[in-house]
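First up is the structure itself, then whatever we jot down about it.
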Amino acid sequence: MSVSTGPDPVPALLERLATVCVERGLRVATAESCTGGLIGHLITGIPGASTWYLGGVVAYANEVKAGLLGVPGSLFVEHGAVSEPVARAMAEGVRSALGVDLGVSVTGIAGPGGATPAKPVGLTWVAVAGRAGTEARRSVGPGGRDENKRAAAIAALELLIQVAEAA
């Protein structure tokens with residue numbers, strides 16, 4: 001078990017996200033791999049989220065990423081599932097599939113296994129697809145599986161807010 005090093009940033013992020021989405025009339029959907037639905041869970045904890053959050057896809061297996069989100073199989077071969085191109089394709093795929101303004105995705109290695117020298121435990125790629133294009137961000141989580149999943153969800157919320165505010 002880890003010791004918290006400060007206040008939980010999630011409530012403030014969720015409040016900011018809800019405010020921006022409501023003020024700008026934005027609709028959001030999620031495509032999650034390593035977080036397993038955590039982002040959707042956090043969002044749906046906000047009263048009134050149903051006015052701007054349409055839903056999500058937990059695309060844990062590559063077959064689901066390809067089949068439901070339209071991620072080209074060549075991206076898995078060329079870059080691996082935990083990569084910027086796959087995160088971008090997932091965000092674009094969920095945006096298209098659910099017909100929303102912003103699609104956010106996350107793919108990563110929560111741990112404790114699955115790492116390679118080039119892709120350590122905790123590595124995540126998050127992406128947000130919107131009208132103006134798709135932005136992606138790489139991060140490496142702080143440690144254990146639960147901590148890495150939470151860090152990835154926070155990174156996704158932060159990027160989603162940044163893109164929503166610019167929309």
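Below, the figures for the structure above:
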{"item": "The range 111-149, residues that are under 13 Å from Ala81 (Cα atoms), under 14 Å from the mean Cα position of the chain (by Cα) and of a type in the set (A, V, I, L, M, F, W, C)", "result": "Leu123, Trp125, Val126"}
{"item": "Residue count, the range 106-139 (criterion: among the β-branched types (Val, Ile, Thr) and either in contact with an Asp or Glu (Cβ under 7 Å, 6 or more places away or on another chain) or on the phi > 0 side of the Ramachandran plot (or both))", "result": "3"}
{"item": "Only one of Gly36, Gly6, Gly40 that is part of a loop (DSSP other than H, G, I, E, B), of a type outside the set (Asp, Glu) and either within 18 Å of the chain's Cα centre (by Cα) or within 17 Å of Thr124 (Cβ to Cβ) (or both)", "result": "Gly36"}
{"item": "Residues within the range 55-69 that are within 13 Å of the chain's Cα centre (by Cα) and assigned to a loop (DSSP other than H, G, I, E, B), tallied", "result": "2"}
{"item": "Qualifying helices (runs of 4 or more DSSP H) (wholly inside the range 70-167; at least 3 residues being out of contact with any Leu (no Cβ under 9 Å at 6 or more places or on another chain) and surrounded by 18 or more Cβ atoms within 10 Å (Cβ to Cβ))", "result": "145-166"}
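Conditions tested, residue by residue: (1) touching a residue at least 24 places away in the same chain (Cβ under 8 Å); (2) touching a helix residue (DSSP H, G or I) at 6+ places or on another chain (Cβ under 8 Å); (3) among the small types (Gly, Ala, Ser).
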| residue | (1), (2), (3) |
| --- | --- |
| Leu13 | yes, yes, no |
| Ala29 | yes, yes, yes |
| Ser33 | yes, yes, yes |
| Gly37 | no, no, yes |
| Ile46 | yes, yes, no |
| Tyr60 | yes, no, no |
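Read the figures in this text as sums done on the coordinates, not as results from a lab. What you are looking at is a predicted structure, and each value in this text was computed from that prediction instead of being measured. Counting neighbours? That spans all protein chains shown, and the Cβs are built from the backbone with ideal geometry, glycine included.
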